Each structure stands twice: as structure tokens, then as C-alpha cells.
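Chemist: For reference, the structure I am asking about is given below.
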Amino acid sequence: MNNKITIFIDSCAWNVLFEKKVHLAEEFPFDRIDLAMTKEVQSFEIDAIPETKIELKAYVLEQIKIAYIREDSFFGFSSYDDPPDHKYRIGGFGEGRFVTYEEAIQIEKFKFSKSKLMGSGLYKNEGDASLAIRAATGSIVLTAENPMKSGPLRKATLEGGKIINIQGFNADQESFRDFVFKFLA
């Protein structure tokens with residue numbers, strides 16, 4: 001039985017972590033915490049960090065490596081109708097995992113409009129919807145957004161999901177681990 005707590009990191013949280021010089025591998029014990037990013041965050045939003053923010057991108061990639069942050073995607077198959085350059089949100093064999101019953105229910109709740117494509121290649125609210133599904137099914141989400149603003153994170157918060165806004169973290173007063181754990185008590 002896995003008693004680890006899974007913590008998902010939103011792309012906007014990386015700005016705060018970088019600014020505060022947080023080293024995730026030193027903050028979270030690997031035997032208790034599993035750090036992850038959804039495929040929408042890791043393969044789309046992190047990849048879309050502009051070259052003008054090269055230090056931020058280098059920090060994120062280093063933290064992914066040394067803190068063993070895994071990419072979490074649901075298993076699925078591609079379609080012959082997809083254009084050749086289509087980036088998949090799903091993972092295939094050896095990459096994606098099967099959706100749990102609870103996640104399948106949440107996927108239906110957190111549908112998003114596919115009318116506005118963003119610069120990252122995701123639709124508006126698509127990344128937040130992927131995080132909201134995880135929060136609504138027992139994982140923790142770290143973000144730098146107000147989880148009560150309109151959108152999927154608000155809906156997940158109102159339904160009891162654990163979404164922590166890390167904007168209030170003060171490195172001079174406490175460790176990042178203590179800051180996060182006080183929300184888990």
C-alpha cells in the first residue's frame with residue numbers, strides 16, 4: 001500500500017519556487033512525498049517558457065531531475081484524425097497510467113472549452129483542469145494563483161480539493177516543507 005502524499009506543481013508555482021530558491025529534493029522526504037506534474041504542465045507549459053527566462057527554465061529542469069518529479073498522464077491512444085504535429089495530452093504504453101474511477105468522474109466535471117488555444121499549445125483552462133482533477137481526487141496542488149478565482153481550481157477547492165497558493169511563503173520565517181505541511185494538518 002502506498003502511503004505517500006502526491007503533490008502536483010502548477011507551472012506558475014515555479015516562478016515563486018525559483019524566486020525563493022527552494023530546493024525541492026531537500027524540502028520533501030522521498031519516502032513520504034511523491035512530486036509530480038501533469039503532462040499538460042510539464043510537456044506543454046514548461047516547454048513554453050521563453051528563452052528570455054533561461055535561468056527559470058534551467059532551474060525547473062534541474063529540480064525535475066534532482067527531486068525526481070514525475071510526469072503524470074492518463075493512458076490513451078492517438079487518432080488518425082490528429083494532424084502530424086499534434087502534441088498529445090495522453091500517454092501511450094509505458095508512459096500513461098489508467099484513469100481511476102474517481103478521476104473519470106472528475107474528468108466529466110472539469111470539461112473546458114476548446115475555443116481558445118493559448119501560446120503553450122493548450123486550450124484556456126486545460127492545464128488548470130488537469131490539476132483540478134488531481135486535487136479533487138486526493139492529491140495536493142501547489143500553485144501561485146488564487147485558487148478562488150473563477151475556473152477549474154476554484155471548483156476543485158469548493159469541492160474540498162487541496163490547492164495551496166504558495167504566494168504567501170516567506171523563506172525567512174519557515175522552511176517550504178513546513179509551509180506546505182501546515183496546510184495538510
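No value in this document is a laboratory result; all are computed from the given coordinates. As the structure is a computational prediction, the values presented were derived from the model and not from experiment. Neighbour counts run over all protein chains shown; Cβ positions are idealised from the backbone, glycine included.
Chemist: Once fully extended, how much extra length lies between Lys116 and Ile66, figured as 0.36 nm per residue of separation less the alpha-carbon to alpha-carbon distance? The partial results should precede the final answer.
Modeler: Details: separation 50, 0.36 × 50 = 18.00 nm, distance 3.49 nm.
Extending this stretch completely gives an extra 14.5 nm.
Chemist: A follow-up question, please. Roughly what would the spin-label model give for Asp178 and Lys53, points 7 Å off Cα along C-beta, in nm?
Modeler: Between Asp178 and Lys53, the label points sit 2.9 nm apart.
Chemist: Here is a follow-up. Can you compute the modelled spin-label distance between Lys20 and Glu103, with each label point 7 Å from Cα toward Cβ, in nm?
Modeler: Taking the simple label geometry, Lys20 and Glu103 are separated by 2.7 nm.
Chemist: Express in whole angstrom the spacing between the alpha-carbon centres of the stretch 1-68 and the stretch 117-149.
Modeler: For the stretch 1-68 versus the stretch 117-149, the Cα centre distance is 15 Å.
Chemist: Once you place label points 7 Å from the Cα toward the Cβ at Phe30 and Leu158, how far apart are they in nm?
Modeler: 4.1 nm
Chemist: Amide H neighbours of Arg70 under 5 Å, at least 5 residues apart or on other chains, H built in the peptide plane: list them.
Modeler: Leu35, Ala36, Met37
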